[in-house]
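The structure appears below as structure tokens.
The values are calculated or read from the model by the stated rules, or taken from the named source; none is laboratory data. All values derive from a computational prediction rather than experimental measurement. Neighbour counts run over all protein chains shown; Cβ positions are idealised from the backbone, glycine included. What goes into the accessible areas is simple: the full protein's heavy atoms, side chains included, and nothing from ligands, DNA or RNA. Shrake-Rupley method; radii C 1.70, N 1.55, O 1.52, S 1.80 Å.
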Amino acid sequence: MRLIESILADAAAIAAVRRDIHAHPELCFEEQRTADVIAKQLSDWGIPIHRGLAKTGVVGIVKNGSSDRAVGLRADIDALPMTESNTFAHASRHRGKMHACGHDGHTAMLLAAAKHLSKHRNFDGTVYLVFQPAEEGGGGAREMMRDGLFEKFPMEAIFGAHNWPGMRVGQFAIKSGPCFASSNEFKITIHGKGGHAAMPHNSIDPVPVACQMVQAFQTIISRNIRPIDAGVISVTMIHTGEVTNVVPDRCVMEGTVRTFTLDVLDMIERRMKEVATHTAAAFGAQCDFEFVRNYPPTINHPSETEFARRVMAEVVGAENVMEFEPTMGAEDFSYFLQGKPGAYFLIGNGDGSHRQGGHGMGPCMLHNASYDFNDELIPLGATVWVRMAEQWLASKR
Ligand SMILES: [Zn+2]
Ligand SMILES: [Zn+2]
């Protein structure tokens, strides 16, 4: 690995900042303390900052030379509403809040890069360091754009990364095109007619209606979408009834839909509505159909993907830059990629052996109560960020 010496020298200090953030997790749009920590670090290093985009967002601006070229690097900064089961010294101090996705580490890697960029300035142009709140369901990226991120800080491209347990430290993964799915929610309320469960002929029972709908929805995946396209419909909640001898008068079903393209999403939403409405009608019931689109699919731009792949290969060797296998998880970096060219990649977090005594069962994936970010990644991630910024600004347009 070709790590940058000055970043390695600072890594322990940045790891301490990472652990401080880990111990004080904050949820969507409440990242006040976290933003204060980021702002203080950047200011201490002489980096001008802008605060307040999406409420708690922080943008650091590192400028050098006379070029008007600019590139953005993004870290998400929020935690999850879950209780940490680790008991090591930097475990969460707040019950019900935890950095279980490693956004504390994403913040630390970008801080380490910021420090090096401002100290050494081996580039001509501007690097925007985008610290984004509310990735975990709040759409912080969309809110930063609504608040004028790309107008205030006109950048040619933007790059983002996520740590990935199960991939070795020193490995990266990236892919051109769709890599994370669109994330959407539905809620279907079936209105029947309640009555005595011993005399069902006097009622319109919403339970068999719901059962038919659940089955029929899966035929949208198996019969309506092209076999080479991907889609998921998961009914995850069915709520109805209170007592064994009463036919309930309504049933509420909720769940999630995932797709890699908006075409498939349009089709699934339309078909689900048709299936729900007509199935309810076939049984003499009625239904309300609600469908909410959350994050769009994360689609990497081809030439920015190749650029990022080259930079990572220079740092860890081409054999350690894998092809990213797309996942049906979702990521709000997708909004940034709708506004600007760019790419999103994964950085291996190791199998969990980095964790100190006092952690729960391992190894574990993201969003597990015993997960922890691997501090070994800080110099590696920061080196890649610095090289990406330097080489982007030195590249031909
Ligand atoms: Zn997450
Ligand atoms: Zn995450």
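Please enumerate the residues belonging to the range 135-167 that are open to solvent by less than 40 Å² (accessible area, probe 1.4 Å) and part of a loop (DSSP other than H, G, I, E, B).
Residues of the range 135-167 that are open to solvent by less than 40 Å² (accessible area, probe 1.4 Å), as a first pass: 135, 138-141, 144, 148-150, 153, 155-163, 165, 167.
Passing the criteria: 135, 138, 139, 148, 153, 155, 156, 157, 165, 167.
Have a look at 39, 75 and point out the one that is within 26 Å of residue 390 (Cα to Cα), touching a strand residue (DSSP E or B) at 6+ places or on another chain (Cβ under 6 Å), within 16 Å of ligand 2 (Cβ to nearest atom) and not β-branched (Val, Ile, Thr). Outline the logic, then answer.
Working: 39 fails: within 16 Å of ligand 2 (Cβ to nearest atom).
Criteria check complete, one pass: 75.
Hey, which of the strands (runs of 3 or more DSSP E) in the range 1-99, taking only ones fully inside, have at least 3 residues that are modelled with pLDDT of 95 or more and open to solvent by 20 Å² or more (accessible area, probe 1.4 Å)? Talk me through it step by step, then tell me what you get.
Values: elements: 49-51, 58-64, 70-76.
Strands (runs of 3 or more DSSP E) meeting the threshold: 49-51, 58-64.
From the list 331, 304, exactly one residue is more than 16 Å from ligand 1 (Cβ to nearest atom) and either outside the structural domain of residue 62 (by TED's automatic domain parsing) or open to solvent by less than 30 Å² (accessible area, probe 1.4 Å) (or both). Which is it? If you could, list the steps in order and put the result at the bottom.
Details: 331 fails: more than 16 Å from ligand 1 (Cβ to nearest atom).
When all the criteria are applied, what remains is 304.
Report every pair of residues separated by at least 6 positions or lying on different chains whose Cβ atoms are under 6 Å apart, first residue within the range 304-327 and without any contact (Cβ under 8 Å) to a residue 40 or more places away in the chain, second outside any helix (DSSP H, G or I) and surrounded by 14 or more Cβ atoms within 10 Å (Cβ to Cβ).
313/321
Give 236, 240, 259, 277 a once-over and let me know the one that is modelled with pLDDT of 95 or more, polar (S, T, N, Q) and farther than 16 Å from residue 187 by Cα.
Numbers: 236 fails: farther than 16 Å from residue 187 by Cα; 240 fails: farther than 16 Å from residue 187 by Cα; 277 fails: farther than 16 Å from residue 187 by Cα.
Only one candidate passes the filter, namely 259.
Looking at residue 257 and the list (1) under 16 Å from residue 208 (Cα atoms); (2) part of a strand (DSSP E or B); (3) of a type outside the set (Gly, Ala, Ser), which single condition is not satisfied?
With respect to (1) under 16 Å from residue 208 (Cα atoms); (2) part of a strand (DSSP E or B); (3) of a type outside the set (Gly, Ala, Ser), residue 257 is out only on (1).
Checking residue 103 against (1) more than 16 Å from ligand 1 (Cβ to nearest atom); (2) without any contact (Cβ under 8 Å) to a residue 40 or more places away in the chain, which test does it fail?
The failed condition is (1).
With 369, 318 as the choices, which residue is at pLDDT 95 or above, on the phi < 0 side of the Ramachandran plot and either touching a Pro at 6+ places or on another chain (Cβ under 9 Å) or open to solvent by 20 Å² or more (accessible area, probe 1.4 Å) (or both)? Please lay out each step first, then the result.
Values: 369 fails: at pLDDT 95 or above.
Answer to the check: 318.
From the list 268, 233, 299, 238, which residue is open to solvent by 20 Å² or more (accessible area, probe 1.4 Å) and closer than 30 Å to residue 175 by Cα?
Values: 268 fails: open to solvent by 20 Å² or more (accessible area, probe 1.4 Å); 233 fails: open to solvent by 20 Å² or more (accessible area, probe 1.4 Å); 238 fails: closer than 30 Å to residue 175 by Cα.
The unique qualifying residue is 299.
Is there a residue being open to solvent by 10 Å² or more (accessible area, probe 1.4 Å), more than 16 Å from ligand 1 (Cβ to nearest atom), in a helix (DSSP H, G or I) and over 14 Å from residue 78 (Cα atoms) anywhere in the range 168-185?
Within the range 168-185, not a single residue is open to solvent by 10 Å² or more (accessible area, probe 1.4 Å), more than 16 Å from ligand 1 (Cβ to nearest atom), in a helix (DSSP H, G or I) and over 14 Å from residue 78 (Cα atoms).
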